[in-house]
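Following: one structure in C-alpha cells, then a few remarks.
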C-alpha cells in the first residue's frame, strides 16, 4: 500500500486513547518518550514493564536536565503506579506489583558540558542509561551526522571510564560509527544500541553496520531494533513498512549474533506530542526518513510513523504471536522482550 496522509488517525497512546495490552512477560522498551500530559496511572496498563524514557531533551543543558529528573522523582512520589528503577530488582518488583518502572535515560551528553563530574551527580539522581551524542558533535564525541567522522574526544574517553565506574549503561544509538567502535574498544562493560536497525537490511544513516552489530554482541551487550517506520522502509517500495519488515530485522540480528543479544526499542510515545518538540525533531528527520520523511514529518501524531501491525503497545500480544509463528520459543521471546536487557542491566548497574 502507498503511504497516504488521509490514512492518518491520532496515535492511540495519546491522551484519551489508552490501549491496554499488557503481556505476562517482562517487556523492557529501551527507548520511549513520555510527555507531561500522560496519564501516569495508566502506564502500567500498557505493555512495557520498564520504560527506558528519554528523560530530557537531547541538547538540554544541566539546568533543564536537572529540572526534568526532579520532575520524574515527583511523578514517582505522587503516583503509586510508577517507580524509578535503580536496580533490576526494582523492575521485577514493578511487574509483580502492577507498576510501571521508569529507567531514566539520556539521549546525548550535552548536559555534561565540559564537566565530567556532573555524571556522578546525575547517576545519584537515578540516571542509568546514556548515549554520548545525539546525531551531532559535542564534548564527548561525534554524532552520526558529522562528516568527516572525528570519533571520540578526550573527554569522551574519560566518560567511558566514568560510566563503567558508576554503572551507567552506554547506549550507542545516534552516535557516529567511528565513535561507537572506539567506545566499544574502551568499555569494560557491555554496551547497547537501544533503537537501531541493521543497515544490511535498510541502508539508512540511522541504521548500523554488521561490524557495529557484531562488536556490540561481543561486548556482552545487545541490539534493539525499532518499529519506527523509516528504519524499516525499503527505498522505492512505496508502501508502509509492516510488522513483518520489523521482524525481518529481528531475524537478521538473531541469525548474526544470537538470541541472547537482541531486544526491542520502540521509540514510541505516551501523551501528546508537544508542538515543535525537539526529541521527535520534525526539522531534522528528513535526513533520516528519505522518501518516508514527508509522511513522518507532516503528521507527527500519525500511526504511519511506525510499522503497520506494531504501532501501538496494545499490539504486543500479536507481536509475540508473530515471533512464535517464525519459530521463536517461549524462552526466546522472553529474552527478546526483556530478559536480555535485565541481564545487561544486572551486569552494568551492579
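The values are calculated or read from the model by the stated rules, or taken from the named source; none is laboratory data. Keep in mind that this is a model prediction, so the values were computed, not measured. So basically every Cβ, Gly included, is an ideal-geometry build from the backbone, and we count neighbours across all protein chains shown.
A few notes on this one:
- Annotation note: of 192, 202, 168, the sole residue that is buried (at least 18 other Cβ atoms within 10 Å of the Cβ), within 22 Å of residue 268 (Cα to Cα) and in contact (Cβ under 8 Å) with a residue 60 or more places away in the chain is 192.
- Within segment 124-145, the set of residues being surrounded by fewer than 18 Cβ atoms within 10 Å (Cβ to Cβ) and out of contact with any strand residue (DSSP E or B) (no Cβ under 7 Å at 6 or more places or on another chain) comprises 124, 125.
- Cross-chain or 6+ apart pairs with Cβ under 6 Å, segment 323-345 first and over 15 Å from residue 250 (Cα atoms), then in a helix (DSSP H, G or I): 342/88; 345/88
- Residue within segment 85-101 that is modelled with pLDDT of 95 or more, part of a strand (DSSP E or B), closer than 22 Å to residue 125 by Cα and under 20 Å from the mean Cα position of the chain (by Cα) present: yes
- Of the residues in segment 32-39, not one is touching a helix residue (DSSP H, G or I) at 6+ places or on another chain (Cβ under 7 Å) and touching a residue at least 24 places away in the same chain (Cβ under 8 Å).
- Condition check for residue 52: within 18 Å of residue 123 (Cβ to Cβ), within 15 Å of the chain's Cα centre (by Cα) and in a strand (DSSP E or B): yes
- Qualifying positions in segment 91-121 - closer than 19 Å to residue 31 by Cβ and touching a strand residue (DSSP E or B) at 6+ places or on another chain (Cβ under 8 Å): 91, 94, 100, 101, 102, 103, 104, 105, 106, 107, 108, 109
- Tally of residues being surrounded by 23 or more Cβ atoms within 10 Å (Cβ to Cβ) and not in a helix (DSSP H, G or I) across segment 330-350: 0
- Remark: pairs (first residue in segment 129-143, at negative phi and without any contact (Cβ under 8 Å) to a residue 12 or more places away in the chain; second residue assigned to a strand (DSSP E or B) and surrounded by fewer than 24 Cβ atoms within 10 Å (Cβ to Cβ); Cβ separation under 9 Å; 6+ apart in sequence or on different chains) = 136/143.
- The single condition among (1) more than 18 Å from the chain's Cα centre (by Cα); (2) at pLDDT below 95; (3) assigned to a loop (DSSP other than H, G, I, E, B) that residue 327 does not satisfy is (2).
- Pick from segment 229-265, criterion part of a loop (DSSP other than H, G, I, E, B) and in contact with a strand residue (DSSP E or B) (Cβ under 8 Å, 6 or more places away or on another chain), ranking: farthest from residue 205 (Cα to Cα): 263
- Restricting segment 22-48 to residues that are over 19 Å from the mean Cα position of the chain (by Cα) and part of a helix (DSSP H, G or I), the residue that is surrounded by the most Cβ atoms within 10 Å (Cβ to Cβ): 40
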